[in-house]
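Heads up: the structure comes next, in structure tokens.
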Amino acid sequence: MYYLAPSILAADFGNLASDIQAVDQAGAEYIHLDVMDGVFVPSISFGMPVIASVRSCTQRIFDVHLMITEPIRYIDEFVKAGADIITVHVEACEDVKATLQKIKDSGVKAGIALSPKTKPEAIFPYLNMVDLVLVMSVEPGFGGQKYIEGSEDKVAAIKAEIDRCDLQIDLSVDGGINKDNAAKVLDQGANVLVAGSSVYRGDIAGNVRDFLEIFERKNHQT
Ligand code: DX5
Ligand code: ZN
């Protein structure tokens, strides 16, 4: 199954609930929420109170991407705020296994993310603990950046390892994804596309439908 995860970082924060409902109604399955702490990444976005306050506006899956140092400190609070999947960065955790275990013990799905400079092998020891791998195709920290060419090779390397270990894991790509490069990351094994600017710039519903059509075409190919 292919899933679209619109990143609300590119939404209008003054109309967040209706911007979330727009992608929900257009058929996006995940809502991607980018949490930044100004330490792990240069910017600060939003945290638990914002997530909690938009939780009731949609039933879609809340895919929370934590770009924060030592996320283990806040897992309980993000679960309480309404996260369905919590993804942490391999680079941000002193004890990655303990962090993933804490997420799983909280009853939500666990994801592991890696930044562009991090080698795919860095996450291999954790594959049997996660439900999702998130490959960053831009440096984490800001929306609206350009896709780093070659990120699809990292997707392919991780997909090969997932298959080798016979695991069922969502493989997500995040950063600079648009209608022109979507097919190539899907071809390498990604099944979740995070998209901020390319969903929220212009006609939101039309943009979502275009991505869903790309998924349809891919479904017919395979
Ligand atoms: C970047 C975030 C992304 C970002 C994607 O640090 O993790 O989720 O919002 O935005 P676009 O699609 O605009 O690159
Ligand atoms: Zn993200």
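The values are calculated or read from the model by the stated rules, or taken from the named source; none is laboratory data. All figures in this text were calculated on a predicted structure; none of them were measured in a lab. Counting neighbours? That spans all protein chains shown, and the Cβs are built from the backbone with ideal geometry, glycine included. Accessible surface is based on the protein model in full, side chains and every heavy atom, while ligands, DNA and RNA are left aside. Shrake-Rupley method; radii C 1.70, N 1.55, O 1.52, S 1.80 Å.
FRET efficiency for Asp12 and Ala183, Cβ-Cβ distance as r, R0 = 30 Å, nearest 0.05? Write out the running numbers ahead of the final one.
Numbers: r = 29 Å, r/R0 = 0.95.
With a Förster radius of 30 Å, E is 0.55.
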>> On a full-extension model of 0.36 nm per residue, what is the gain between Lys104 and Glu77, subtracting their alpha-carbon distance, rounded to one decimal in nm?
In response: 8.3 nm
> HN-Hα J couplings of the range 49-65 from phi, Karplus 6.51/-1.76/1.60, θ = phi - 60°, integer Hz, Gly and Pro as x?
Replying inline: x, 5, 4, 4, 6, 9, 4, 7, 8, 7, 9, 5, 6, 8, 9, 9, 9
> What nm distance separates the two modelled labels at Gln25 and Ser43, each placed 7 Å from Cα along Cα→Cβ?
Replying inline: 2.7
>> Please compute one quarter of the surface area of the Cα convex hull for the chain and express it in square nanometres.
In response: 10.9
> Which of the lysines could a cross-linker span from Lys104 if the Cα-Cα distance has to be under 18 Å and same-chain partners fewer than 8 positions apart are dropped?
Replying inline: Lys80
> Can you give the alpha-carbon Rg of the range 78-161 over 2.2 N^0.38 Å, where N counts its residues?
Replying inline: 1.11
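If I take every Cα pair under 8 Å that is 6 or more residues apart in the chain, average their sequence separation and divide by the length, what percent do I get for the relative contact order? Intermediate values should be presented prior to the final figure.
On the way: 440 pairs, mean separation 45.4, N = 222.
Relative contact order for the chain comes out at 20 percent.
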>> If you average the C-alpha positions of the range 1-51 and of the range 84-116 separately, how far apart do those two centres end up, in angstrom?
In response: 19
>> Straight-line reach from Lys154: which aspartates and glutamates fall under 12 Å, measuring Cα to Cα and dropping same-chain residues less than 8 apart?
In response: Glu121
> Karplus couplings for the range 18-23 from phi (6.51 cos²θ - 1.76 cosθ + 1.60, θ = phi - 60°), rounded to Hz, Gly and Pro as x?
Replying inline: 6, 5, 6, 5, 4, 6
> Given the rule -39500 (n - 2.57) for each run of at least 4 DSSP H residues, summed and divided by the residues of the chain, what is its mean residue ellipticity at 222 nm, to the nearest 500 deg cm²/dmol?
Replying inline: -10000 deg cm²/dmol
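Given a 1.4 angstrom probe, I'd like the percentage of the accessible area of the chain that is carbon and sulfur, rounded to a whole number.
Roughly 49 percent of what the probe reaches on the chain is carbon or sulfur.
Can you give the % of DSSP beta bridges in the range 123-219 that are antiparallel, to the nearest 5?
Working: 0 of 8 bridges.
Beta bridges within the range 123-219, antiparallel portion: roughly 0 percent.
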> What are the ³J(HN,Hα) values, in whole Hz, obtained from phi via the Karplus relation 6.51 cos²θ - 1.76 cosθ + 1.60 with θ = phi - 60°, for each residue of the range 200-217 in sequence order, with x given for Gly and Pro?
Replying inline: 8, 8, x, 7, 4, 4, x, 5, 4, 4, 4, 5, 5, 5, 4, 4, 4, 4
